[in-house]
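The values are calculated or read from the model by the stated rules, or taken from the named source; none is laboratory data. Please read all numbers here as calculations on a predicted model, not as lab measurements. Cβ: placed from backbone, ideal geometry, glycine included. Neighbour counts: every protein chain shown. Ligands, DNA and RNA are stripped out before the accessible areas are found, and what is left, the full protein with its side chains, is counted by its heavy atoms. Shrake-Rupley method; radii C 1.70, N 1.55, O 1.52, S 1.80 Å.
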Amino acid sequence: MAMQTVTSWVKKAQIIGTDVNGQPVSRAEFNAMQKEVARLREANKILKIAAVLLGEHRK
């Protein structure tokens, strides 16, 4: 097994902080949360635009 592979696994499993309940958060979990937040922000942006367009359509 390549040393680089093991190093990558260790970095992903490394605890980088805690959540609001005091539970440990790994780098992989943190990265997944960041992607989810970005996805939700994009969806929220789209919904806001749709709400404005629907509001104009009903006038």
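Table for the structure above
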| read-out | value |
| --- | --- |
| Helix-only [θ]222 nm of the chain, DSSP H runs n ≥ 4, -39500 (n - 2.57) each, per residue, nearest 500 | -24500 deg cm²/dmol |
| Lys pairs, the chain - Cα-Cα below 18 angstrom, 8 or more residues apart or on other chains | 4 |
| Gain on full stretching of the segment that runs from Glu56 to Lys11 - 0.36 nm per residue minus C-alpha separation | 11.2 nm |
| Accessible surface of the chain, 1.4 Å probe, proportion on carbon and sulfur as whole % | 61 |
| Inter-label distance, nm, simple model (7 Å from Cα along the C-beta direction), Met3/Ile49 | 4.8 |
| D (Stokes-Einstein, µm²/s), Kirkwood Cα radius, the chain, 1.306 mPa s at 10 °C | 109 |
| 1.4 Å probe accessible area per residue over the chain, in Å² | 93 |
| Stretch gain in nm, segment Arg39-Ser26, where the contour uses 0.36 nm per residue and the Cα spacing is subtracted | 2.7 nm |
